[in-house]
Every structure is written in C-alpha cells, then in structure tokens.
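A.B. asks: Below are the structure tokens for one structure; questions will follow.
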Amino acid sequence: MANFPTIRIRTRRKYYRLIFTGLMALMMSLIISSALLLVKVGYVDGFFTELMHSWGLAFIFAWPSAYVCAYMVQEHILSRIEFY
C-alpha cells in the first residue's frame, strides 16, 4: 500500500472555534438533511440533487447556530465546572 503524506494546516488558535463549529455544522447538516429527506420522500430519482440543495440550506443555518451554541456552552457553562 502506498503511504500518502499527512496534510497539516497551521493556523492561529483564535480560529479554533470557527473551524470546529464549521466542520461540526457541515457534518451534522449533511446527516440531518439526508435522514429527513429519506424519511420525507424516500430514495427517489434526483435524490442527490435534492440532498445537495437541502444540505446547503441547512448549513447556512447550522453554522451560525453551532457557533453561538459553542460560545454559550464554553463561556457560560463549562467555565463554571472545575475539571481535574
């Protein structure tokens, strides 16, 4: 098997929450859009076209929501818990 090089990206720590919530929103919006589309109409012709449309729309709402929720949880809830 070929060994592919590991890709590493360096960025500032202040972008951690933005990148984390973006990736989480991307994955969660795909999963939820897929599940809801399958439940609503089933697997039909044009499923992937409809999925890409609904995924894009879901992501527009998911990312800001995830960013605000992550901020609220980290700053206002986790800051009050003492971890050891």
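The values are calculated or read from the model by the stated rules, or taken from the named source; none is laboratory data. Since the model is a prediction, treat every value here as computed from it, not as a measurement. Here Cβ is always computed from backbone atoms with ideal geometry, including for glycine, and neighbour counts include all displayed protein chains. With ligands, DNA and RNA removed, areas are computed over all heavy atoms of the protein, side chains included. Shrake-Rupley method; radii C 1.70, N 1.55, O 1.52, S 1.80 Å.
A.B. asks: So if the hydrodynamic radius of segment 1-71 is defined as the Kirkwood radius over C-alpha pairs, what does Stokes-Einstein give as its diffusion coefficient at 20 °C and 1.002 mPa s, in µm² per second?
C.D. replies: Calculated translational D: 152 µm²/s.
A.B. asks: I'd like the accessible area for VAL39: 1.4 Å probe, protein heavy atoms, all chains in place, Å² to the nearest 10.
C.D. replies: 130 Å²
A.B. asks: Same structure, new question: In what order, largest first, do HIS53, HIS76 sit by accessible area if the probe radius is 1.4 Å?
C.D. replies: Listed by decreasing accessible area, they come as HIS53, HIS76.
A.B. asks: Rolling a 1.4 angstrom probe over the protein chains, ignoring ligands and nucleic acids, what is the accessible area of THR11 in square angstrom, nearest 10?
C.D. replies: Surface open to solvent at THR11 totals about 80 Å².
A.B. asks: Tell me, what is the FRET efficiency for TYR71 and ARG13 to the nearest 0.05, using R0 = 22 angstrom and their Cβ-Cβ distance as r?
C.D. replies: 0.90
A.B. asks: Dipole size in debye (nearest 20) for segment 1-81 around its Cα centre, Lys and Arg Cβ +1, Asp and Glu Cβ -1? Each step should come with its number before you reach the end.
C.D. replies: Working: 8 positive and 3 negative charges, 131 e Å.
With only Lys, Arg, Asp and Glu charged at Cβ, the dipole is about 640 debye.
A.B. asks: Between exposed trypsin sites (Lys or Arg not before Pro) in the chain, where DSSP calls loop and at most 15 other Cβ atoms lie within 10 Å, what's the longest gap?
C.D. replies: 13-84
A.B. asks: Compare PHE61, PHE4 by solvent-accessible area with a 1.4 Å probe and give them largest first, with all protein chains kept in place. Display every interim value, and only then the final one.
C.D. replies: Working: PHE61 135, PHE4 180 Å².
From most exposed to least exposed: PHE4, PHE61.
A.B. asks: Counting other Cβ atoms within 10 Å, keep those with at most 14, restrict to DSSP loop, and tell me which GluC sites (Glu not before Pro) in the chain are left.
C.D. replies: Listed in order of number, the matching sites are GLU82.
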